[in-house]
1. Provide, as a two-decimal number, the C-alpha radius of gyration of segment 1-92 over 2.2 N^0.38 Å, N being how many residues it has.
2. Pairs to check: 6/257; 188/213; 144/251; 60/186; 72/257; 134/232. Give those whose C-alpha atoms are more than 29 Å from each other in this structure.
3. With the calculation restricted to Cα positions, what are the radius of gyration and Dmax of segment 199-265 in angstrom?
4. Calculate, in whole percent, how much of the Cα-Cα pair population of segment 131-173 lies beyond 17 Å.
5. Over segment 133-287, what portion of Cα pair distances is larger than 18 Å, expressed as a whole percent?
6. Please arrange 222, 45, 193 by how many other C-beta atoms lie within 10 Å of their C-beta, fewest to most.
7. Where the eigenvalues come from the Cα gyration tensor of segment 75-156, what are the semi-axes √(5λ) of the equivalent ellipsoid, largest first, in whole Å?
8. Convert 20 °C to kelvin, take the viscosity as 1.002 mPa s, use the Kirkwood radius over C-alpha pairs of the chain as Rh, and evaluate the Stokes-Einstein diffusion coefficient in µm²/s, rounded to a whole number.
Amino acid sequence: MGFTPKEIALACASHTGERMHQETVLGILNRLGLNQTHLHCGIMVPYNEEENKRLIKMGKEPSTLHASCSGKHAAILAYSIYKGADISNYEDISHPVQQEIIRTIAEFTDEDVESIPLGTDGCGLPIFMIPIKKIALSYARIAKFAQDKSSKYHEACKVVFDAMNQHPEMVAGTGEFCTELMGATKGKLIGKVGAEAVYCIGIKKDNLGVCVKIADGSERAVYPVVIEVLLKLGILDKSEYEKLNNWHKSKLMNQLKEHIGYIVPVFNLDCQVHPGMEISQFRHMTM
């Protein structure tokens, strides 16, 4: 259907609901002959503060286009139409596209497709309980296959990897960590935040995969930890770090808007190499 890198990046997004995101989702739907009522992602207040203020000022309610997962839903609708599948229940685990998704996840994570525990995401799509080291493995494989022309997933992984780097603003939004990380590193990696303080990275150098999970589910510690991991792995050079250092030691402010301290990441990495594979996995321990 001739989707652009910008649209593909949005399909990989948890976006902030800015106008650029809304317009791109709407463009996908229009090309499919659909409209926003076909999105089953629900309605949410946009993460982007300026867009939320604009809605309030104009007395408007948010729509499904503002939902952070609307790009994913639009992509699933597109693939459903391509496959000739019913779009009325595209979010059901029994849907053929959802079945293809879980089979692919099982292959990338070396998990048994029949044994993966299922849940329901905030946006209504199926979600899958996968061990953290296996999530890291899946991102390592995205990075590896994007470079390995012999892989059957080469073209798909390369398209996704390149699209996310060409349009990081679509993956998250203005001033957001995912956008600034990929904008600063310029093709070295892909990074994607997840719910409940999860962060995943696929790194081209040495085909590395990283999955960070903060136990209490608080996002405030995620980004300092991610920057520290990338520094310890030697991924960020000086100029890249200078663009991202505000995420490394986040300021703590009190109710009076006074700067009272920092969130500081303190841990070591213990590297474990998969035998016979060009994939490394890392676990961190706080100290």
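No value in this document is a laboratory result; all are computed from the given coordinates. Computed from a predicted structure; not experimentally measured. With ideal geometry, Cβ positions are generated from the backbone for all residues, glycine too; neighbour counts draw on all protein chains shown.
1. Here the Cα radius of gyration is 1.06 times the empirical estimate.
2. Those over the limit are 6/257; 144/251; 60/186; 72/257.
3. Cα only, segment 199-265: 13.6, 46 Å (Rg, Dmax).
4. The share of Cα pairs beyond 17 Å in segment 131-173 comes to 40 percent.
5. Roughly 59 percent, once rounded to a whole number.
6. In increasing order of surrounding Cβ atoms, one gets 45, 193, 222.
7. Working from the Cα gyration tensor, I get semi-axes of 23, 18, 10 Å.
8. Estimated via Stokes-Einstein, D reaches 107 µm²/s.
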